[in-house]
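*Asks:* To start, I am sharing the structure in question, which I have written as structure tokens.
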């Protein structure tokens, strides 16, 4: 199927993974409508990165929707009272944001329905990830089944597909693929506690995964760090 | 199972159905945390009604979360450019808000996880409803399956149940049940285009369903109308 002029909604966090997912959606020929969600995350540098990536990637438009998840707390990423861990942890870490990907996909689904888009791209991946439940293939499949029942388009036989092109890739494979597609990883921010200039801590789980990924991919890491 | 001191999140729109769902949750013994969503709906009188119902119902707390669905448009309820129909329509009407119940359940799921609540109440019903896809039992069941995969609690064997006690009830049955439980329907607002005093138009789909429900239940309708 040619995807000429076919619209897609792409969830864009400003991190490495979603920037790569966007590049893949563009390569497949989709007209991309990027959606970022300001959910009260402590690392607002992410949203600045999302703006840079959207500008550099030729998206049709970029919207930032605000949802106050900080009001319910429960995560190191939204609650200043919970510290971001700087050592590896086992199980689901405190950086897990309750129902985050469910919420982001719900917002994307609403916008997709208005745009008559039948594809939503999300940059989740389960290998080299932090063990979040809503990054797994079974979660993505369950959301796709839900979407077919949830929407006017689904009921009318035009269900929305949830595209997770990175889901089975290692971080190194993601970085190699994005580099091939011209992603400027220097524009992205992965750190859970980047400073206001977007400089990474180099110590949190997200930084460790990113550093190990560049190392394994054999590319120089363009990330700017808070200390040399 | 005794539900003494067991918490539940109850989605509360300010309309007749969710006020009844809240009364049912209370009768079952749940400690109720009411959640209303300000999604840019044109009928803000609904949120005032939600505050009145929450106050009158002895909920533990009531939160109003803001999400800017008006930014994506696509519905007569959020987009001033789309008129609310005052005649019966066939199919899914323009008052359908894209992915609304998916989004509301996602927000409720996030809060439930923080509260360690394993029950979410939603007042959807499919009989005497407006034909929205996300009010059907198969949608609710699909969301419950998603929730079990989406959350830390679900992964740890404590999935969240989506309780839709009104799903198979007629509007008249809902009104009879709520009246038995002491719901003050005069505090609720169902109209899609209520004025700033919460007075109903008497002509839109929601008003027609409500009027017919009171008529069939054999109770006086306490709704205040814009014209006599």
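The values are calculated or read from the model by the stated rules, or taken from the named source; none is laboratory data. Just so it is clear, the structure is predicted and the values come from calculations on it, not from any experiment. No Cβ is skipped: glycine too gets one built from the backbone with ideal geometry, and neighbour counts run over all protein chains shown.
*Asks:* Of the residues in segment B:52-63, how many are within 14 Å of chain A (Cβ to nearest Cβ) and either farther than 18 Å from residue B:7 by Cα or crowded, with 19+ Cβ neighbours inside 10 Å (or both)?
*Replies:* Residues meeting the conditions: 0.
*Asks:* Out of (1) surrounded by fewer than 17 Cβ atoms within 10 Å (Cβ to Cβ); (2) more than 30 Å from residue B:132 (Cα to Cα); (3) under 17 Å from the mean Cα position of the chain (by Cα), the odd one out for residue A:197 is which?
*Replies:* Going through (1) surrounded by fewer than 17 Cβ atoms within 10 Å (Cβ to Cβ); (2) more than 30 Å from residue B:132 (Cα to Cα); (3) under 17 Å from the mean Cα position of the chain (by Cα) one by one, residue A:197 breaks only (3).
*Asks:* Restricted to segment B:152-172, and to residues that are part of a helix (DSSP H, G or I) and touching a residue at least 40 places away in the same chain (Cβ under 8 Å), which residue is surrounded by the fewest Cβ atoms within 10 Å (Cβ to Cβ)?
*Replies:* Here the residue is B:172.
*Asks:* Please specify each residue of segment B:97-147 satisfying the condition of being more than 7 Å from every other protein chain (Cβ to nearest Cβ), in contact with a helix residue (DSSP H, G or I) (Cβ under 7 Å, 6 or more places away or on another chain) and modelled with pLDDT under 85.
*Replies:* Listed by number, the residues that qualify are B:97, B:126, B:128, B:129, B:130.
*Asks:* Now for a different question. Yes or no: residue B:40 modelled with pLDDT of 70 or more and either under 20 Å from residue B:175 (Cα atoms) or surrounded by fewer than 18 Cβ atoms within 10 Å (Cβ to Cβ) (or both)?
*Replies:* no
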